[in-house]
Structure formats: C-alpha cells, structure tokens
Amino acid sequence: MLWYAYRRYVALCGILLTFLLYALLLTGRGIAAPHFVLDQGNESLKHANTQVWRKISDFLAGRKYAVLTFDDGPYGYGVDEEIMTTLRKHHAHAVFFLVCSHINSANRGVLARLESDGDLIGNHSYDHLRLDRLAAPALEHQISGCSNRIAELTGMRPYYFRPPFGSTSPRIAGVVRSSGMKQMLWNANSEDGRTTEPEQILNDSVEQTADHSILLMHEKPTTAAALDAMLTRLEQRGFQFVLPDQLSSENVAIN
Ligand SMILES: [Zn+2]
C-alpha cells in the first residue's frame, strides 16, 4: 500500500513540476530580460544575449519584438505628447529621430519629456536635406552639427542617426561613424508618408512588422491617430516594443 501511495505522490509531483516549468517558461518570469542590438546589414534587431531559456520561453509564448521609430519631429501642437501618451499606455518606448531645424522655443520641452520618459532621441540631420549632394563641411554640419545641438539641449549626444529619405552612402556612413553614431534604417514601413488614412497606416504597419523589425513612422497627426489601435493589434500578435542597447561592446563591434 505504501509503495502505491508513494508512486502516486511521485507522479503528482512530476505533473505539478511540469506545469510549473511550463508556466514559468510561458511568462518568462525569472529569466533574464532579452537585450538587442542593431543588425546593420539587415536593418533590423538581433539578440545581444543568446540565453537559451529566454528563446524557448519566447517561442512557447509566441513573443516577438519590434522597435518603433518616429521621424521628422518635433512636430509641436501636442502631437509629440499624444504619441508619447499612447506609448506609455502600451508600456512601450520608441526612438524619435529629430530634425534639428524643427526644434523651436515652442516645442523644445518635447526633448526633456522624451528624455524623462525613457524614449531615445536620434539624429535625423539638421535640415532634412539630401545629404549625398553636400560638400564635406555642409555634411559635417548636417550630421555632427545636429548632434551638438541636441547635446546642448539635453546634455546627451544621440547614439543613432537616420539619414533623410533613408538615402545613404559609404561617405555619409563614414561621417556618421566618426560622429560617434550608428546608422539606423528600417525594414518595416507604416507608409504614413504616402497616405493620410489612419486605417491604411494601421494595416500597412501591422502587415509589415515581423519579429525583430524596425518600423518606420513619422510624427504626424494621422500616425498619432492610428497608433493606439496599431499597438493593440501588434500586441495581440505577441509583439513587445523594445529599444536596442546603446554603447554595448557588441554594438561597437558592428560596422
Ligand atoms: Zn525624414
């Protein structure tokens, strides 16, 4: 009798432990949070750490990761704040690629709020020109000059640079690198530069965003209007919104 009772006890413990392990893996609790760096060749993210339990957990739970990016700000008129408020509602952070000539006395406070909220300020050039047509001093001003301006206002130099129109060259990339930045392009497009229909922006964004994507958006009223529903739809598909690490040793090694 004792032996049967013991066997039942072992079987029960085995079943409970299996459920516990499965529940732990599904929630990811107790497993180190994943870190990402920019994968420059593929214009996407890649894992900075390769903890196998995290990968199993993400696979079982259907968890995916994406970076949200907003170009051309600050926009002003409350649009930047509207975007930030929606991001907070979804516990998300984003990279805001600012154009230095868009910063003025009315919207300067946006930079402080981005910093204090934990979003990243990126450099999107001084005047949003086509950089490949510029001579060396003008190119330097567009790239390094904008970093200097952002540093003056926030005390921090940006770590990521996005060329206007996504148009780059080895010469531009060289100036970006010597200014201490990484060039971040994208591999998913909200198409919000092409359409003013929030529903279209929502559909394109959800369709194009895959695991480890970098999604291109712009600071615009229509994008701000589409954002809440877009993030909800992406979350329903298992997405979490993350930022790539800055200044990690692996990041420095990627060129
Ligand atoms: Zn732009």
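Here, each number is a calculation from the coordinates, and none is a lab measurement. Note that this is a predicted model, so its numbers are computed, not measured. Cβ placement follows ideal geometry from the backbone for every residue including glycine, while neighbour counts extend to all protein chains displayed.
Taking θ as phi - 60° and the Karplus parameters 6.51, -1.76 and 1.60, the scalar couplings of segment 209-214 work out to 7, 10, 4, 6, 6, 10 Hz in sequence order, x denoting glycine and proline. DSSP finds beta bridges in the chain, and of those with both partners inside it, around 15 percent are antiparallel. Count Lys and Arg as plus one, Asp and Glu as minus one, and take only other residues whose Cβ is under 13 Å from that of Met156; the net charge is then -1.
Annotation: amide H-H contacts under 5 Å for Lys64 (H modelled 1.01 Å from N, sequence separation of 5 or more, or interchain): Phe239, Gln240. Are there any helices in the chain, counted as whole DSSP H runs, that stretch 20 Å or more along their axis by Cα and score at least 0.5 on average by Kyte-Doolittle, and if so which? Within the chain the helices that satisfy the rule are 2-27. Across the chain, the fraction of Cα-Cα pairs farther apart than 35 Å, rounded to a whole number, is 22%.
Take the Cα radius of gyration of segment 75-174 and divide it by 2.2 N^0.38 Å, N being the number of residues; the result is 1.11. Distance from the C-alpha centroid of segment 113-166 to that of segment 45-87: 21 Å, rounded to the whole angstrom.
Excluding same-chain neighbours fewer than eight residues apart, the lysines reachable from Lys55 by a Cα-Cα span under 23 Å are Lys46, Lys64. The helix-based estimate of mean residue ellipticity at 222 nm for the chain, built from -39,500 (n - 2.57) per DSSP H run of four or more residues and divided by its residue count, is -13000 deg cm²/dmol to the nearest 500.
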